[in-house]
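S.K.: Take a look at this one; I'll ask things after.
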C-alpha cells in the first residue's frame, strides 16, 4: 500500500502494477495491509476498511459504524490469534 493506492509486485519485484478495486478510488491512500489466507485486508486513510478476495479478485468495503469512531481512517491492522 502507498499514499497513491494499492500496488502489486511480481515474485521477482521487477514489475509493479496498480491494483484497481471496483468501487474504490485507485489513487486513495492505503495505510495498512494484512494478509489472512486468501483475504487481503486494506485500511485506507479516508475510505475505511476493505476486504479483497485474492482468489476471485472481488473487493468490498467493510462497515465501520461502531459507536465512538470519529472517522473512517484505518492506520493499523493486526491478526487476532484467538480467532
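Bear in mind that the values in this text are calculations on the coordinates, not laboratory data. Nothing here was measured: the structure is a model prediction, and the numbers come from that model. Heads up, the Cβs are rebuilt from the backbone with ideal geometry, glycines too, and the neighbour counts pull from every protein chain shown.
S.K.: Please go through the range 28-59 and give me each residue that is without any contact (Cβ under 8 Å) to a residue 24 or more places away in the chain and surrounded by 12 or more Cβ atoms within 10 Å (Cβ to Cβ), ordered by number.
M.R.: Matches in the range 28-59: 28, 35, 39, 40, 51, 53, 54.
S.K.: Still on this model: Report, by residue number, each residue of the range 1-27 that is over 15 Å from residue 40 (Cβ atoms), assigned to a loop (DSSP other than H, G, I, E, B) and without any contact (Cβ under 8 Å) to a residue 12 or more places away in the chain.
M.R.: Correct list: 10, 11, 12, 13, 14, 15.
S.K.: Could you please give the count of residues in the range 54-69 that are within 19 Å of residue 28 (Cα to Cα) and either part of a strand (DSSP E or B) or over 13 Å from the mean Cα position of the chain (by Cα) (or both)? Before the answer, list the steps.
M.R.: From the range 54-69, those within 19 Å of residue 28 (Cα to Cα) are 57-64; that's our starting set.
Now narrow it down to the ones that are either part of a strand (DSSP E or B) or over 13 Å from the mean Cα position of the chain (by Cα) (or both): 59-64.
Adding up the residues that qualify gives 6.
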